[in-house]
Amino acid sequence: MFNSADVDNNKSLNFIETMKLIRELNIQMSDSQAKKLFDEANTRKAGKRELEVLDEDEFIAFYFKLLHRPEIDKLFSRFFQFTFKLSFIVNSTIQVLIEVNLYDL
Ligand SMILES: [Ca+2]
């Protein structure tokens, strides 16, 4: 993944290459959010006149941050809460239906 995203084959990803990868992975993220993660992961800074890049280690850190975004976790927990409530409603409905049927018998 890292190598295929590394368009100019310099063993590091600049921000444009990183954004391209994010798009290819179908990750919904604004440029500014991605830049924030990029900057956080970019611990080894480039020289003054050089472009900031992520080397392989930095990229792993970036990727980890990408997968553990708080808004994703929040979304998942909301989804699970919803599913739980839904299954509760379904179970109660089944319970009611069973009781109604029993009375009918
Ligand atoms: Ca770097």
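Among the residues of region 29-48, write down those that are among the hydroxyl-bearing types (S, T, Y) and away from the ligand (no atom under 11 Å from the Cβ).
The answer is S30, S32.
Tell me, yes or no, whether region 68-81 has at least one residue that is within 20 Å of the chain's Cα centre (by Cα) and either at pLDDT 90 or above or within 13 Å of the ligand (Cβ to nearest atom) (or both).
For region 68-81, residues within 20 Å of the chain's Cα centre (by Cα) and either at pLDDT 90 or above or within 13 Å of the ligand (Cβ to nearest atom) (or both): absent.
The values are calculated or read from the model by the stated rules, or taken from the named source; none is laboratory data. Only a predicted model underlies this, so the values are computations on that prediction, with no experimental measurement involved. Glycine also receives a Cβ, built like all others from the backbone with ideal geometry; neighbour counts cover every protein chain displayed.
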